[in-house]
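Heads up, the thing below is written out as structure tokens.
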Amino acid sequence: MVHIHSAYAVDLWQRSFLLQLLGAPDNSGELSVLHLFVTEKSPCTCLQCEVCYGGGNNCTGEMKTCGAGQDTCIISLTEYSQPPVIITSVAKDCGSSSFCKIGAEEINFGSGMQVRSNIVCYKENQSGTVSLPVLPPPDTKPNGLQCPGCVGMFSTKCNAKPVACIGEETKCINIAGSVTVVQTMDVSLKGCANEASCTMLKLGPRTFAGISTDLATAECSAAVSTKAR
């Protein structure tokens, strides 16, 4: 496990959360390997989208012909915060329009450590006029719920401590597995999450912008009232 302020860990942390490290089990109970925002067995649309990843609020890259099930272009904005540091990153790629209305995702690991993400969808001929994703103003008011929270880098386990959920965070999220960018590393993540994060957890991104995930654990459950403990 390494400290999150390590430049290498922060970069992997940001990029892995562009995917939100989420996946869904198939009928056999095993986590299926899917492309981000892709529904399998759909006909090719032959859509072309810009593909890139970068720090800040925008990025530029080459055009890519989308595959089966990818009927829209997607821009994803992710904000990582660990006071006093706030870092944003953007990724663009092909995707499925079925994911376009999920809404902004939010996961809170405690001690001010939080990841928020949102997407916009567009067609290739709108690329010059499409608005970039925006995140709603942060809501830091405790809502009376709590979850175990921790972050483990280079480990599939971490020592969780109670985290006070805030705003619309009504779920507890538990993710463990591996992330591959250039090399593969194990991760373990627990914390408070909003409903959109749990929806994405069920639907299952797997590979995006050169990043792939292999999750042994991907769970979402109801947060517990602080009065119950």
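What does the charge count near P138 come to, summing +1 for each Lys or Arg and -1 for each Asp or Glu among other residues with Cβ under 14 Å from its Cβ?
Taking every Cβ under 14 Å from that of P138, the sum is -4.
Please compute the modelled spin-label separation between K227 and L135, points set 7 Å along Cα→Cβ, answer in nm with one decimal.
3.2
When a/c reaches 1.5 or more, the comparison of a/b and b/c decides; with that in mind, is segment 46-188 rounded, prolate or oblate per its Cα gyration tensor?
It is prolate, given that a/c is not under 1.5 and a/b is the larger ratio.
Bear in mind that the values in this text are calculations on the coordinates, not laboratory data. Since this is a predicted model, take the numbers as computed values, not measurements. When we count neighbours, we look across all protein chains shown, and the Cβ atoms used for this are built from the backbone with ideal geometry, even at glycine.
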